[in-house]
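The next block holds one structure in the form of structure tokens; read it before the comments.
The values are calculated or read from the model by the stated rules, or taken from the named source; none is laboratory data. The shown structure was predicted, so the numbers you read here are calculated from the model rather than taken from an experiment. Glycine also receives a Cβ, built like all others from the backbone with ideal geometry; neighbour counts cover every protein chain displayed.
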């Protein structure tokens with residue numbers, strides 16, 4: 001199989017693109033390891049407990065743009081959605097998304113004068129979800145648009161979760177939806193429609209039941225009732241490939 005490095009990635013949080021100010025990031029998650037070793041055993045026995053996860057990264061102080069500083073310095077106590085795209089960024093590239101809480105924004109001034117900030121976003125309510133990008137990073141629509149289809153390789157009968165990052169918006173409203181169809185040129189219908197967007201920056205998580213069939217071909221569409229002139233956004237989806245996924 002082909003191997004690749006970690007170049008040309010992307011990192012978004014709460015509708016902010018912080019990748020250009022990020023030095024490095026670490027993604028880690030999974031079930032908590034519960035120690036259930038009994039006295040007859042000579043090695044640890046463990047069971048999987050609650051899912052947990054975190055995204056840790058190091059951010060530069062960028063006085064020119066301050067995108068990361070604006071996104072992170074407020075230390076919001078509300079849940080925030082973070083999405084990391086593993087480059088090269090394209091439709092179908094690996095995407096990890098997480099609903100979490102940012103718990104720090106700690107500056108370090110190195111001896112050479114470099115100023116960086118340590119950031120930790122800990123999962124809240126859901127574990128990390130690996131999926132794919134359905135937009136090639138940030139997409140800009142100036143009119144209602146049906147994006148190009150993505151062939152997910154097969155249909156699955158176990159539902160899906162989708163993540164939306166909205167970076168900029170001008171207009172009255174826009175509704176962003178993931179649609180699906182059984183053939184590339186077939187009739188597409190909404191699989192997941194996000195809550196109507198009237199402002200930015202923001203991020204959303206939406207899902208359908210884990211008993212829902214997700215057809216093979218997927219696309220992202222924008223529609224409006226009151227009109228818009230521009231929306232900049234990104235969408236990632238996790239299509240469940242096994243039964244019984246707990247959200």
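For this structure, a couple of remarks:
- Whenever a residue of the range 116-138 is closer than 11 Å to residue 96 by Cβ, its partners that are in a loop (DSSP other than H, G, I, E, B) and at pLDDT below 95, lying with C-beta atoms within less than 9 angstrom and at least six residues away or across chains, give the pairs 127/246.
- Failed item in (1) within 14 Å of the chain's Cα centre (by Cα); (2) under 21 Å from residue 105 (Cβ atoms), with residue 72 passing the rest: (1)
- Considering each residue of the range 52-62 in turn, at least one proves to be more than 17 Å from residue 83 (Cα to Cα), touching a residue at least 40 places away in the same chain (Cβ under 8 Å) and not in a strand (DSSP E or B).
- Total residues in the range 130-179, condition outside any loop (DSSP other than H, G, I, E, B), closer than 18 Å to residue 240 by Cβ and more than 20 Å from the chain's Cα centre (by Cα): 1
- Residues located in the range 1-50, provided they are touching a helix residue (DSSP H, G or I) at 6+ places or on another chain (Cβ under 9 Å), under 16 Å from residue 89 (Cβ atoms) and in a loop (DSSP other than H, G, I, E, B): 9, 18
- Any chance residue 181 is free of Cβ contacts under 8 Å to residues at least 12 places away in the same chain and out of contact with any helix residue (DSSP H, G or I) (no Cβ under 9 Å at 6 or more places or on another chain): no
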